[in-house]
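One structure is given here, and the rest of the page talks about it.
The values are calculated or read from the model by the stated rules, or taken from the named source; none is laboratory data. Since the model is a prediction, treat every value here as computed from it, not as a measurement. Note that we place each Cβ from the backbone using ideal geometry, even for glycine, and neighbour counts take in every protein chain shown. Just the protein is used for accessible areas: all its heavy atoms, side chains included, with ligands, DNA and RNA removed. Shrake-Rupley method; radii C 1.70, N 1.55, O 1.52, S 1.80 Å.
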Amino acid sequence: MAEAVRSLERAFELLEHLADAGGEMALSELTEVSGLPMPTIYRLMRTLVSHGYVRQEPSKRYALGPRLIRLGEGASRLLGTWARPVLSRLVDDVGETANMAVLEGDEAVYVAQVPSKHSMRMFTEVGRRVQPHCTGVGKALLSQLPDQRVREILTRTGMDAHTPNTFTDPETLITELARIREQGYAVDEEEQEIGVRCIAVPLRGAPALTALSVSGPSARMTRETVIDVVPIMRDAAERFTKELGPP
C-alpha cells in the first residue's frame, strides 16, 4: 500500500515537472530534475501515457496529455468558487470591484468577480477572455513567465491598441514586466479602457498562473490610492495562496 501511494506521489511530481517546463520534457531531463532512476520514470510515464494524462511525441519527448484538460477546466471553475470570499473581503476593504483571472493558453480568463457596491462600477463577465498585454491582471500574469515565453505569446496574439495608453511594442512591455516583478504589482493605466484604472497582483505559488485585481473609475482609483491598496491586495493574495496549498 505504501509503495502504491509513493508511486502516486511520484507520478504527480512528474506531471508538475512537465508543467513547470512548459508541458514537454525528455526522459533524461525528467531524470535530472526529479532525481528518480530512469527505469522508475519510464514505468510511471508509460502508465500515464496509457491513461491519456501524458502523451509521447514522435521525438520521444513526453508532453502533458489531453485528458488533463477536463481536470483543469473543472479545477478552474472551482477556483472561482473558492476565490469569492477573498474577493468579497477585497471589495469590503478597497471599495472597488475585485477579480481573479488565470492564464489559459495565450489569454487571460476571468474566473471570478465580486462587484463594487458603488452605482458606478466596473463589470467584467466571468469567462471573458482578453489579451494579456493591455490589462493589469494580464500583465500580472505575464510577469510570472520568462521573457521568451512572453515574446512568443505576444507574437501569436498581437498587441492591439485599445487606448492611446496601451503597450504596443513587445520590448517596452518586457521592460514594464521587469518593473512589475520588482515591485510585486501591476497597474493598468487606462490601457484597456479610458477612465478605468486597475491594480493587480500575482498569486505566486498558486498551482496555475493566477492573479487578483481591483478596478474602478480613475477618479476614485487615483495614483495615490495605489499606495494604500497594494498592501491589502498582497495580503489577500498571500492568504489565498496558502488556502490553495496542501494542508
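No other residue among ARG151, ARG70 is without any contact (Cβ under 8 Å) to a residue 12 or more places away in the chain and over 20 Å from ASP235 (Cα atoms) apart from ARG70. Here LYS117 clears all of (1) exposed (fewer than 15 other Cβ atoms within 10 Å of the Cβ); (2) over 20 Å from PRO217 (Cβ atoms) except the condition numbered (2).
The single condition among (1) part of a strand (DSSP E or B); (2) free of Cβ contacts under 8 Å to residues at least 60 places away in the same chain; (3) of a type in the set (Gly, Ala, Ser) that SER28 does not meet is (1).
Please indicate, with yes or no, whether at least one residue in the stretch 46-55 is open to solvent by 70 Å² or more (accessible area, probe 1.4 Å), farther than 30 Å from VAL126 by Cα, at pLDDT 85 or above and not in a helix (DSSP H, G or I). There is at least one residue in the stretch 46-55 that is open to solvent by 70 Å² or more (accessible area, probe 1.4 Å), farther than 30 Å from VAL126 by Cα, at pLDDT 85 or above and not in a helix (DSSP H, G or I).
With respect to (1) over 22 Å from SER143 (Cβ atoms); (2) modelled with pLDDT of 85 or more; (3) of a type outside the set (Ser, Thr, Tyr), the lone exception for MET1 is condition (2).
When ALA211, ALA219, ALA206, ALA200 are checked against the criterion of being at pLDDT below 90 and under 16 Å from the mean Cα position of the chain (by Cα), ALA206 stands alone in meeting it.
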